[in-house]
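Participant: Let me give you the structure first, and then I'll get to my questions.
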Amino acid sequence: MRLPTDDALIRRQQDLETTLIAFADHELRRATARISGAAVPDAAVACLIRPSKRLLRMAFLHAAHTVNTDTHLQRGPI
């Protein structure tokens, strides 16, 4: 298996960013506007399109999953 070149990785990252921005500007804003106050759509978009915010959210979700798994194993099924 060949590893992608640096240029290929950069293009993939740019494609991902473009796709996320398009999704956030249309679908995410529309979905959050229906169920929340005026500030939530902007916050949701920021969480999705800013790489540092995405990384923080992924770390949080991973930690939550780990804690939930550990708790589930200790307590047994709910």
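Participant: Take the stretch 1-52 and flag every residue that is basic (K, R), in a helix (DSSP H, G or I) and either touching a strand residue (DSSP E or B) at 6+ places or on another chain (Cβ under 8 Å) or surrounded by 12 or more Cβ atoms within 10 Å (Cβ to Cβ) (or both).
Facilitator: Of the stretch 1-52, the ones basic (K, R) are 2, 11-12, 29-30, 34, 50.
Checking which are in a helix (DSSP H, G or I) leaves us with 11-12, 29-30, 34.
Those that are basic (K, R), in a helix (DSSP H, G or I) and either touching a strand residue (DSSP E or B) at 6+ places or on another chain (Cβ under 8 Å) or surrounded by 12 or more Cβ atoms within 10 Å (Cβ to Cβ) (or both): R11, R29.
Participant: Then there's this: Name the pairs whose Cβ atoms lie under 7 Å apart, with the first residue in the stretch 18-37 and more than 17 Å from R50 (Cβ to Cβ), the second modelled with pLDDT under 90, and 6 or more positions between them or separate chains?
Facilitator: A33/P41
Participant: Kindly check whether there is at least one residue in the stretch 54-74 that is modelled with pLDDT of 85 or more and in contact with a helix residue (DSSP H, G or I) (Cβ under 7 Å, 6 or more places away or on another chain).
Facilitator: Here is the first cut: in the stretch 54-74, the ones modelled with pLDDT of 85 or more are none.
No, every residue in the stretch 54-74 fails to be modelled with pLDDT of 85 or more and in contact with a helix residue (DSSP H, G or I) (Cβ under 7 Å, 6 or more places away or on another chain).
Participant: Can you find, within the stretch 1-44, the residue that is modelled with the lowest pLDDT among those that are among the charged types (D, E, K, R) and over 23 Å from L56 (Cβ atoms)?
Facilitator: Once the filter is applied, the top-ranked residue is R34.
The values are calculated or read from the model by the stated rules, or taken from the named source; none is laboratory data. Not measured: the values here are computed from a predicted model. Positions of Cβ are generated from backbone atoms using ideal geometry, with glycine treated the same way; all protein chains shown enter the neighbour counts.
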